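Student: Dropping the structure in here first, questions after.
The values are calculated or read from the model by the stated rules, or taken from the named source; none is laboratory data. Given the structure is predicted, the values throughout are model-derived calculations rather than measurements. So basically every Cβ, Gly included, is an ideal-geometry build from the backbone, and we count neighbours across all protein chains shown. Just the protein is used for accessible areas: all its heavy atoms, side chains included, with ligands, DNA and RNA removed. Shrake-Rupley method; radii C 1.70, N 1.55, O 1.52, S 1.80 Å.
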Amino acid sequence: MEKYDFNAIEKKWQDYWDENETFHAEIDHEKPKFYALIEFPYPSGQGLHAGHPRPYTAMDIIARKRRMQGYNVLFPMGWDAFGLPTENFAIQNKIHPREVTKNNVKKFKEQCKSFGWSFDWQREVDTTDPDYYKWTQWIFLQLFKSGLAYKKEMAVNWCTDCKVVLANEEVVGGECERCHGEVIRKVKSQWMLKITEFAQELIDGLADVDYPDRIAQSQINWIGRSTGAEVDFAVGTAGNVSADGDVLRVYTTRPDTLFGSTYMVIAPEHPYIEKWANSLNNIDEIRAYADKAARKSDFERSELVKEKSGVRLDGINAINPVTEKEIPVFVSDYVLMSYGTGAIMAVPGHDQRDWEFAKKFNLPIVEVVAGRDAHGIPSNIEKCAYEDTEDGVMVNSGFLNELNVSEAKSKITAWLKETGKGKKKINYKLRDWVFSRQRYWGEPIPVVWCEKCGGWVAVPEEDLPLMLPEVDNYMPAENGESPLSVLDSFINTTCPTCGGFAKRETDTMPQWAGSSWYYLRYADPHNDKEFVSKEALEYWLPVDWYNGGMEHTTLHLLYSRFWHKFLFAADKVNTPEPYLKRTAHGMILGEDSQKMSKSRGNTVDPNALVAESGADSVRLYEMFIGDFEKTATWNTAGIKGCKRFLDRTWALMDILVCGNEYSEKLAGSIHRTIKKVSEDIEQMKFNTAIAAMMTLINEIYTVGEINKAELRAFLILLSPFAPHISSEMYEMTNEGAIHNEQWLDFEPELCAFDKVEIVLQINGKIKERMMVESGTAQSTLIAAAKENEAIKAALGGKEIIKEIAVPDKLVNIVVK
RNA sequence: GCCGAUGUGUCGGAAUGGCAGACGAGGCAGACUCAAAAUCUGUUGUGGACAACCACGUGUGGGUUCGAGUCCCACCAUCGGCACCA
C-alpha cells in the first residue's frame, strides 16, 4: 500500500462534494429536519485562526452524523461582515470596505473548503449584501412602527479615538472594546431599541430551551430582575421640609430597612441638582463634582473609586417617611443614573457601600436588623454592614419590630401603598439597546426627519434597501457624526408622507443588527419578496442546535432572542424562541497559555497546518485537544499523534481480509466503540470519542487483521471526524459513497465483556484481583473473595464487620 | 469588591462515589538502517527494596462514607466576566 497522500485525497473529495452539492439541503417533508448552526465569522484580513475550526468541526461532526441518521440537515455558513476592522483597514489603505470584505470573504471561503466542513454553500449569506441588509432594515422598520425604536438624548459612552458611541456592553475595562481608546460619557441623541419591554419574556423563555446552566444564568444575571419598592422622600430647604412638597423617588430592594435610612444619595447626573440649584449654598462645588464624575464611564466609577467620595447638597434635606426625621442628601458617583431612579435611600447599617460612605462622612449608622452571620457570630454594625436577609429580626423599626426580613418587606410595602408614599416595584438591570453608530460600514437606518410632519418618518418598505451611498472618505466627520452626514445628495430627500422636504438619518446600525436574525435568512436566503417564507420557517425553524463562543452568550444571544421574540409577537415567525439548544466551546489559547493575538505573536495559522498534515489531522487534533467546553492550550506537536492515527488507519488496507460479519475477536470492541462514539458525540465529548477509536485501532493491530465488515464500521465511525480519508477508503472497499451510509447501531449485550476483573479490598485497600463471569451475584463474589488465598492471609482471623460487593467492580471486606 | 469557572504525571488530558493517570505527546531502552527520518516492540507517577512487595500520591486543611479526584464546609491559587445594581 502506498503512503497516504492526504493532499490528493482531500482535494479529490472536496471537489466531489462541491460538484455533487452533497450537502445542499432542500425542504423535504419525507424526512425529519435538523438545523445545525455555528456563529458565522467576521471575515478579518488575517483569515481563519486556530479558534475557528474547533466549533466548526464540532458542528460538522454532529451534522454529518445526523445526515447518516436519516435527517435532512441544514448546516449553513455566512459572513458577519460589517464592522470596524474592515472600515479601519479601508481608511488606512484607501480601499472601499466592500472590496476589503470581498477579498476577505474569498479567502475565508477557500480556507473553509480546505477543512472539508459540510456547509451548504448555496445558502451563504453576507450581512453587507444589499439583498441581505434590505431585510435588516425591514426588521428595524417593524420595530420602529411598533414604537420599539425611538430616539433619545442620553449620556452614552463615547470613544475618544473611534469617535463613536458604544453600547455599555461594548466598553471593556473602561476602554473601547475595539480600539482600547479612552471612553468618556457624552450626551447625544441616539436610536434606542426597547429590549427592556421583553425583559420578563427573555427570562421566562429560558425555561423552554436547552441551554447549559452557566449560559441561562448569564442571561438571567444580565437582565437582573429584582423585586423591591419605590419610596418617595419629601425634600425641601433644610429645616423647613414640607411633607406635601417636592419628592425624591428612590428604588430599593430592601424596603424593610427604611427605618435605618439616615441619609440619601443621588447620582451626579440627577436633575434635582439643577432643580434645587437656587437653594444650594455650595452649588459650584456640587457642579464641579458632577462634571468630573460625568466624564468617567460607569465602569471607572464603579471599579477605580476605592474610597467613597461625594458632596452634601448643603441647603436641602429630605424626610424619612417612617421616622419623619430630616436627613441630609448627598451626591456621589457610586450611585448610577442608569439604574433604578438614580437616587437611593442610604442604609449604612445594612449596605456595605452605604456603610463606607457613612464612616467617611461621619453619618449616623442605625441598626434595624439584628442577627447572626454564616459563622454564627452576632451582627455588629460598628464593624461592618449586616447584609444577611435569611437570619435576623427587625429592631429600632417601629411597627416592624420583631418581624423577620421577609415579613417586614411585605408589611412595609403594604404600608407604603396605603399611605401613598411608595409601591412595590419589579426592576430590571437591563437597559435599552443603543442602536446608533456614527460610522460608514453599517446598515443605513431607514428613516427621514420631516419638519412638516413633525418627526421621524419611516422610509417605505418598497424603497428598501436604502443603499449605503458611495463616499470619498470613510472616517467619521469631525463632529463625530457619520461620514454620511456630509453627503447632501444622501441627506436631502422628500418625506414619504407629505412629499415635502426631509432629511435622512445618517447614523448606521451596529454590527449586532445583521447577526440578530441571520439564522432566519439561512432558511430562505434568496427570497426577494419576504425576509423568509412561511414555508421555510415552518419547516426549518427553530434552530435545533446552536454552538458558539462563551463571549457571545450574553450580548449576541440576548439581542437575537429579543428580535426573535419581537418577530414572534408581530406574527412574523412561528416559534417563541430561535434556538432550541445552545452550547458553548472553550477558547483556544496560544502555546504560551495566553489569549492568541497578533500583538503577542502567538497566533497559529490553521491552514499552514492543513497544508503540512492534512485537514483530517487538524480536524482530529482540534477535537482531541481537550474538553470541548473548556479552554484549551494549543500544542502543535499534538497533531503528530492524530496524523499517526490516520496513517495507521490507511495502513489497515494492508491487513484487510474477507468477511461480511464482525469476527469474534473484534465484535465486542466494535460494538463498544459504536456505543462510546455515538454517545460522546451527543455530549460533545469528542476527545474521548477519538480516544475510543484509537483504542480500537490498537486492538485491531493486536489481532493482526481486519475484515471488510469491520473496516466498514470503523470508517463510518471515523467519517464525521475525518471525512476525506474515510470517504476514500470506503470507496476502495465498498459500493457507493460513505455519506449515504446509515449510522451504526450497537447491541448492548454485545458491548458487555464476558469476564471482568474484580478488585478485592480489605478496609478499602486493594489486596488482590480475580477474574469472574460478568454479572456474578454479590453473594457469590463475597464467597469467592473469602476463598482467595491472599485475602485469607490478609484477614488472618480478624473480626469481619462488614462485607460490600459491587457487581463487576469490587469486593471490600471491613475488619477490626 | 462581586459573579462564574478551573486546580490530576514532564505536557495535553481520562475517570455513573468503586483499580487514579484511559488516549495522545514527550522521555528512556531495543529492532530495522551504513546512518538518519519514518515505522515497529518494550518501558515510563513519586520514594524505598535485587525482588515479590511496601509506603505515598488528584491545590491546602477539615468532614461525610466500607470506599472521595468526584459529595459537604473552610481556605489558597489561577483564569474569565462585571454594571459598587441599592
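Student: Where the centroid of each part is defined by its Cα atoms, how far is segment A:342-396 from segment A:452-521 in Å?
Tutor: 53
Student: Ranked from the most accessible area to the least, with a 1.4 Å probe and all protein chains present, what is the order of A:Ser397, A:Ser593, A:Ser44? Working shown, then result.
Tutor: Values: A:Ser397 0, A:Ser593 60, A:Ser44 30 Å².
Largest accessible area first, the residues go A:Ser593, A:Ser44, A:Ser397.
Student: Set Lys and Arg Cβ to +1 and Asp and Glu Cβ to -1, take the dipole of segment A:302-413 about its Cα centre, and tell me which of A:Gly398, A:Val329, A:Asn380 lies farthest positive.
Tutor: In segment A:302-413, that residue is A:Val329.
Student: Can I ask one more? Relative to the longest principal axis of chain A, what angle (0 to 90°, nearest 10) does the C-alpha long axis of helix A:615-624 take?
Tutor: The two axes meet at around 70 degrees.
Student: So how do A:481-490, A:503-512, A:746-755, A:439-448 stack up, highest first, on mean other-Cβ count within 10 Å? Display every interim value, and only then the final one.
Tutor: Values: A:481-490: 17.6, A:503-512: 22.1, A:746-755: 12.1, A:439-448: 25.1.
Packing order, densest peptide first, comes out as A:439-448, A:503-512, A:481-490, A:746-755.
Student: Here's something else I'd like to know. Determine the dipole magnitude for chain A: charges of +1 sit on the beta-carbon of Lys and Arg, -1 on that of Asp and Glu, nothing else is charged, the reference point is the Cα centre, and the result goes in debye to the nearest 20.
Tutor: Roughly 1580 debye for chain A.
Student: Using only Cα atoms, find the angle between the long axis of helix A:6-20 and the longest principal axis of chain A, and express it within 0 to 90 degrees, rounded to the nearest 10.
Tutor: 70
Student: Which Rg and Dmax, in Å, describe the Cα atoms of segment A:14-147?
Tutor: Rg, Dmax (Cα atoms, Å): 17.0, 53.
Student: Turning to a different aspect of this structure: Helix-only mean residue ellipticity at 222 nm, chain A, DSSP H runs n ≥ 4 weighted -39,500 (n - 2.57), per residue, nearest 500. What is it? Can you show the working numbers first?
Tutor: On the way: 27 runs with 285 residues, N = 816.
Rounded to the nearest 500, the figure is -10500 deg cm²/dmol.
Student: Then there is this: What angle do you read, to the nearest 10 degrees and between 0 and 90, between the alpha-carbon axis of helix A:84-93 and the longest principal axis of chain A?
Tutor: Around 90 degrees separate the two axes.
Student: A further question follows. So what's the gap between the Cα centers of segment A:212-279 and segment A:689-733, to the nearest angstrom?
Tutor: For segment A:212-279 versus segment A:689-733, the Cα centre distance is 67 Å.
Student: Calculate the all-directions average of the projected area of segment A:719-816's alpha-carbon convex hull, and give it in nm².
Tutor: Details: hull surface 37.7 nm².
Result: a mean projected hull area of 9.4 nm².
Student: I've got another one for you. Between segment A:562-593 and segment A:775-816, what is the C-alpha centre distance in whole Å?
Tutor: The two parts, judged by their Cα centres, are 54 Å apart.
Student: Net charge near A:Ala793, counting Lys/Arg +1 and Asp/Glu -1 over other residues with Cβ under 13 Å of its Cβ?
Tutor: Values: positive: A:Lys767, A:Lys786, A:Lys792, A:Lys798; negative: A:Glu768, A:Glu787, A:Glu789.
In short, +1.
Student: Can you find, among A:Ala229, A:Ile412, A:Asn698, the residue farthest towards the positive end of the dipole of chain A? Put +1 on the C-beta of Lys and Arg, -1 on that of Asp and Glu.
Tutor: Among A:Ala229, A:Ile412, A:Asn698, the one farthest towards the positive end of the dipole of chain A is A:Ile412.
Student: Could you please state how large a percent of the accessible area of chain A is carbon and sulfur, counting protein chains only and using a 1.4 Å probe?
Tutor: Details: 17560 of 35950 Å².
For chain A, the apolar C and S fraction of the accessible surface comes to 49 percent.
Student: What per residue convex hull volume, in Å³, do the alpha-carbon atoms of chain A yield? Don't skip to the answer; put the middle values down first.
Tutor: Working: hull volume 187.6 nm³, N = 816.
Per-residue hull volume (Cα only) is 230 Å³.
Student: Take every DSSP beta bridge with both residues inside chain A and express the antiparallel ones as a percent of the total, to the nearest 5.
Tutor: Numbers: 76 of 101 bridges.
For chain A, the DSSP antiparallel bridge percentage is about 75.
Student: Please give the peptides A:660-666, A:339-345, A:388-394 ranked by average Cβ packing (other Cβ atoms within 10 Å per residue), highest first, as a rough proxy for protection. Don't skip to the answer; put the middle values down first.
Tutor: Values: A:660-666: 13.6, A:339-345: 21.7, A:388-394: 17.6.
By packing density, highest mean first, the sequence is A:339-345, A:388-394, A:660-666.
Student: Along the charge dipole of chain A, Cβ charges K/R +1 and D/E -1, which of A:Leu717, A:Asn607, A:Ile782 sits furthest on the positive end?
Tutor: The listed residue farthest towards the positive side: A:Ile782.
Student: Moving on. Among A:272-280, A:429-437, what's the highest-first ranking by average C-beta atoms within 10 angstrom per residue? Intermediate values should be presented prior to the final figure.
Tutor: On the way: A:272-280: 16.0, A:429-437: 21.4.
Order by mean packing, descending: A:429-437, A:272-280.
Student: Using Cα-Cα distances under 8 Å and only pairs 6 or more residues apart, what relative contact order does chain A have, in percent?
Tutor: Numbers: 1511 pairs, mean separation 113.4, N = 816.
In percent, rounded to a whole number, it is 14.
Student: Normalised by the residues of segment A:1-100, what does the relative contact order come to in percent, with Cα pairs under 8 Å and at least six apart? Let's see the in-between values first.
Tutor: Numbers: 70 pairs, mean separation 31.1, N = 100.
Once normalised by length, the contact order is 31 percent.
Student: Tell me the per residue accessible area of chain A using a 1.4 Å probe; a whole number in Å² is fine. Each step should come with its number before you reach the end.
Tutor: Working: 35950 Å² over 816 residues.
Here the residues of chain A average 44 Å² of exposed surface.
Student: Right, another one. Within segment A:321-371, which GluC sites (Glu not before Pro) sit in a loop by DSSP and count at most 14 neighbouring Cβ atoms inside 10 Å? Intermediate values should be presented prior to the final figure.
Tutor: Values: sites: A:Glu324, A:Glu326, A:Glu356, A:Glu367; in loops: A:Glu324, A:Glu367.
Those satisfying the criteria are A:Glu324.
Student: Taking every pair of alpha-carbon atoms in segment A:494-551, what share in percent sits in each 10 Å bin, from 0 to the bin with the longest distance?
Tutor: It works out to 17, 31, 26, 19, 7, in whole percents.
Student: Also, I was wondering about something else. Where Rh is the Kirkwood radius over the Cα pairs of segment A:574-677, the temperature 25 °C and the viscosity 0.890 mPa s, what D in µm²/s does Stokes-Einstein return? Write down the numbers at each step before the final one.
Tutor: Working: Rh = 17.2 Å.
Using the Kirkwood radius from Cα pairs, D works out to 143 µm²/s.
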